[in-house]
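Working notes for the structure below.
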Amino acid sequence: GTESLRAALHPKWRNQLRRAERAGLIVTHAPLPADPNHPLLLAEAAQARSRHYANWPPQLTAAFAAAEPAQTRVFSAMQADKTVAQMLFLLHGDRATYHIGLTTDAGRAEYAHNLLLWQAAQWLASLGISSLDLGLLDRATPDLNRFKLRTGARACPTGGTWGRWHPLARGQRP
């Protein structure tokens, strides 16, 4: 149950979650609108450019939302009527993938992403989702790797079939 999952969290991650739960953040979630100009998609594209990583173009994420709106879920943390953090999850069968995460300085200070991921994982489990892919571990992002692994996730090669689309691969090694 929830208590055993919570107990499996790394103690520091669990403490950050407790702090976020006491911060008075309001968490909401809804499907992603199928709009390539949605503020979340534009902000994520800007973040990708500034941090030099590749992700789906906003148009592709919006197309996914247009084709399968019920298979997208944006979790948002609000503080004093301002969005301080967001996470987008894509659902596929009995699995889900963490697709986008954004936060502000205020969101970081209150550990909003811990709260969003925790609440999203519980909501996904209530739908019968049995696996949540938190994405690649990259040597260039040790803090993000630590955040993911402290949830109790385990690093594993995913194998499978991969497509290499050149616009996404700019500056990336295979």
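The values are calculated or read from the model by the stated rules, or taken from the named source; none is laboratory data. From a predicted model like this one, the values you see are computed outputs, not experimental measurements. Virtual Cβ from ideal backbone geometry, glycine too; neighbours counted across all protein chains shown. We work out accessible area using only protein heavy atoms, side chains counted, and drop any ligands, DNA or RNA first. Shrake-Rupley method; radii C 1.70, N 1.55, O 1.52, S 1.80 Å.
Across region 34-84, counting alpha-carbon atoms alone, Rg and Dmax equal 12.2, 34 Å. Of all the accessible heavy-atom surface of the chain, with the other protein chains kept in place and a 1.4 Å probe, what percent is carbon and sulfur? Carbon and sulfur: 55 percent of the exposed surface of the chain. Taking Cα centre as origin and charging only the Cβ of basic (Lys, Arg, +1) and acidic (Asp, Glu, -1) residues, the dipole magnitude of the chain rounds to 680 debye. For the chain, the solvent-accessible area of protein heavy atoms averages 61 Å² per residue (probe radius 1.4 Å; ligands and nucleic acids excluded). Residues within the reach of a label modelled at ARG95 (point 7 angstrom out along Cα to beta-carbon, backbone nitrogen below 17 Å), restricted to region 112-128, are 124-125, 128.
Counting only DSSP beta bridges whose two residues both lie in the chain, roughly 90 percent are antiparallel. Labels on offer are (i) 11.1; (ii) 10.3; (iii) 13.6, and the one holding mean projected area of the Cα convex hull in nm² computed from this structure is (ii). With a/c under 1.5 counting as rounded, go ahead and sort region 55-145 into rounded, prolate or oblate using the C-alpha gyration tensor (a ≥ b ≥ c being the square roots of the eigenvalues; past the cut-off, prolate if a/b is larger than b/c, else oblate). Because its axes are fairly even, with a/c under 1.5, region 55-145 counts as rounded. Packing, taken as the mean count of other beta carbons within 10 Å per residue, orders the peptides 107-119, 62-74 from highest to lowest as 107-119, 62-74.
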